[in-house]
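The values are calculated or read from the model by the stated rules, or taken from the named source; none is laboratory data. This one's a predicted model, so the numbers in the text were calculated from it and none came from an experiment. Every residue, glycine among them, receives a Cβ derived from its backbone with ideal geometry; neighbour counts consider all protein chains shown. Heavy atoms of the whole protein, side chains included, go into the accessibility calculation; ligands, DNA and RNA do not. Shrake-Rupley method; radii C 1.70, N 1.55, O 1.52, S 1.80 Å.
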Amino acid sequence: MKQLSDRINSLPTSATLAMAAKARELKEQGKDIISLSLGEPDFNTPEFIKEAAIQAVKDNYNSYSPVNGYLDLRESICKKFKRDNNLSYNPNQIVVSTGAKQSIANVAQVLLNPGDEVLLPAPYWVSYSAISILAEATYVEIPSSIDTDFKITPEQLEAAITPKSKLIFFNSPNNPSGTVYSEEEYRALAKVLEKYPNIFVVSDEIYEHINYGVGNFSFAAIESMYDRTITINGVAKAFAMTGWRIGYIGAPEWIAKACNKLQGQITSGANCIAQRATITALDAPVTKIGYMVDEFHKRRDIVLDLLGKVKGFKLNIPEGAFYVFPDISYFFGKTIKGNKIKTASDFSMFLLEHANIATVTGEAFGAPDCIRMSYAASEEQLREAIERIKKVLA
């Protein structure tokens, strides 16, 4: 008899990875699938970073690294935080992990107890809720809509807080919506949180450099919140290093020590070669990756222009990341090519089966009226994808 734990049985499958797997399966069957489902840059890792990795191999970096990362990498991370975010951390406040997802999971495991509540401004990255469940906490969604650019208000935040509230996730630029919170908006939310000293903030800034002229403000830069904020970042998105698996936190030292303790029993230190390459990535001026951001900006504008001409797609203008998150509730209740569309999941599956386009349902992100479409694909693929959508909905 199969006797899996309640823990794993309670955990949902990642919707983004599930759709990507389904798209790969159909491709293997010979179908011409255009995948707009995964949050992964379609660029290669820059040459100067690859060269640093090759040099690390030649320099015989092949042994276990310190659990929290090489000291010189943590020093580079501190310099990066100061340069890009106006945040002052020392190396003992930094923990390097196997991707930002592990960084987030570490924080949840060391801060949350069974029954604690996690506040999730929606839409939110799919793994926030799953990571909360794994920590035996419950999560509370704070809804938003495309009409508010997918931002919550201080009044909503205040109303969601209970005596059990322990952690809140902020993610700007946001996955899946591309929303970017301004300094003014974050300070207004911080005013609410100042009244509740037992609530900690996870500020996920993995997309910080992929923004289109609006800049990025770090929540920990608010003086009253510095000692209660854990800043999450990594090199996956901005440096096209998703497979290198390097994420990191800047946090109060007691939280960093706890994450180090936990990680020492789970994975120990992250990949040594990837760590050496990350030093080179973070030490370089941000302008060295500007060509990728410029291309994403161009693609965003193309997608907004073309999708804006498709009846039923309600759009806002995402100011960062590489996603559009249209409201497609117009199609709910309609029958298209014999398919009754009741939910965003129905619509997403319809596009996969009839247009060979892979997207992700907004239900997985706490936004049931939307679907996520990544424009981390070539301009040719994006134009073809939207043309297929237009034809199948005609």
Report task. Just give me the residues in the stretch 370-380 being buried (at least 17 other Cβ atoms within 10 Å of the Cβ) and more than 27 Å from Asp147 (Cβ to Cβ), in sequence order. Result -> Ala377
Query raised in the report: Quick check: is even one residue across the stretch 54-70 open to solvent by 80 Å² or more (accessible area, probe 1.4 Å), under 27 Å from Arg300 (Cβ atoms) and either in contact (Cβ under 8 Å) with a residue 24 or more places away in the chain or out of contact with any helix residue (DSSP H, G or I) (no Cβ under 7 Å at 6 or more places or on another chain) (or both)?
Result: no
Query raised in the report: Restricting attention to the stretch 20-37, does a residue exist that is in contact (Cβ under 8 Å) with a residue 12 or more places away in the chain, touching a helix residue (DSSP H, G or I) at 6+ places or on another chain (Cβ under 8 Å), open to solvent by 50 Å² or more (accessible area, probe 1.4 Å) and basic (Lys, Arg)?
Result: yes
Requested in this report: Would you mind stating whether Arg388 is touching a residue at least 60 places away in the same chain (Cβ under 8 Å) and either part of a helix (DSSP H, G or I) or over 26 Å from the mean Cα position of the chain (by Cα) (or both)?
Outcome: yes
Report task. Please enumerate the residues belonging to the stretch 255-268 that are open to solvent by less than 60 Å² (accessible area, probe 1.4 Å) and under 9 Å from Thr98 (Cβ atoms). Result -> Gln263
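Across the stretch 63-110, what is the number of residues that are in a helix (DSSP H, G or I) and not hydrophobic (A, V, I, L, M, F, W, C)?
Total meeting the criteria: 18.
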**Report entry** Residue that is farthest from Arg7 (Cα to Cα) [pool: residues in the stretch 153-179 that are among the aliphatic types (A, V, I, L, M) and open to solvent by less than 10 Å² (accessible area, probe 1.4 Å)]
**Finding:** Leu157
Query - Test result for Glu185, in contact (Cβ under 8 Å) with a residue 40 or more places away in the chain and open to solvent by 10 Å² or more (accessible area, probe 1.4 Å) - result: no
**Report entry** Tally of residues being open to solvent by 30 Å² or more (accessible area, probe 1.4 Å), of a type in the set (A, V, I, L, M, F, W, C) and touching a residue at least 12 places away in the same chain (Cβ under 8 Å) across the stretch 230-254
**Finding:** 1
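Which residues, counting only those in the stretch 111-156, are in a loop (DSSP other than H, G, I, E, B) and either over 29 Å from Cys259 (Cα atoms) or under 17 Å from the mean Cα position of the chain (by Cα) (or both)? Steps first, answer last, please.
First, pick out the residues of the stretch 111-156 that are in a loop (DSSP other than H, G, I, E, B): 112-116, 122-125, 135-137, 143-145, 149-153.
Hits for the stretch 111-156 are Ala122, Pro123, Tyr124, Trp125, Pro143, Ser144, Ser145, Asp149, Phe150, Lys151, Ile152, Thr153.
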Requested in this report: Kindly establish whether Asn316 is among the polar types (S, T, N, Q), under 28 Å from Glu205 (Cα atoms) and touching an Asp or Glu at 6+ places or on another chain (Cβ under 9 Å).
Outcome: yes
